[in-house]
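Step one of this worksheet: look at the structure below.
Please treat every number below as a calculation from the coordinates, not as lab data. Note that this is a predicted model, so its numbers are computed, not measured.
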Amino acid sequence: MPKMKSNRSAGKRFRVTKRGKVMFTKAGLRHNLGDMRGKDQRHKAKPAVLADEHRPDVLRLLGKR
């Protein structure tokens, strides 16, 4: 049986921590940043944890399960 290929786009968007949490980068930091408050930019720059109900789908795309 051939190897399972991981989804390349998911590999660029998500990363899995040692504890199994799935982290991602928030959207909205590409352009038009002059209209956004600095506080909002700082909060969006931090990685976020993916919700538990979406974790199995993303792990399957990454080839982790």
>> Suppose the chain between Lys18 and Lys44 were pulled fully straight at 0.36 nm per residue; how much longer would it get relative to their current alpha carbon spacing?
In response: 7.1 nm
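Pairs Lys21/Lys64; Lys18/Lys64; Lys5/Lys46: which exceed 19 Å Cα-Cα?
Beyond 19 Å: Lys5/Lys46.
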> Taking a temperature of 10 °C and a viscosity of 1.306 mPa s, what whole-number D in µm²/s does Stokes-Einstein yield for segment 1-53 with Rh from Kirkwood over alpha carbon pairs?
Replying inline: 119
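Express the relative contact order of the chain as a whole percentage, based on alpha carbon pairs under 8 Å and six or more residues apart in sequence.
With pairs under 8 Å counted, the relative contact order is 41 percent.
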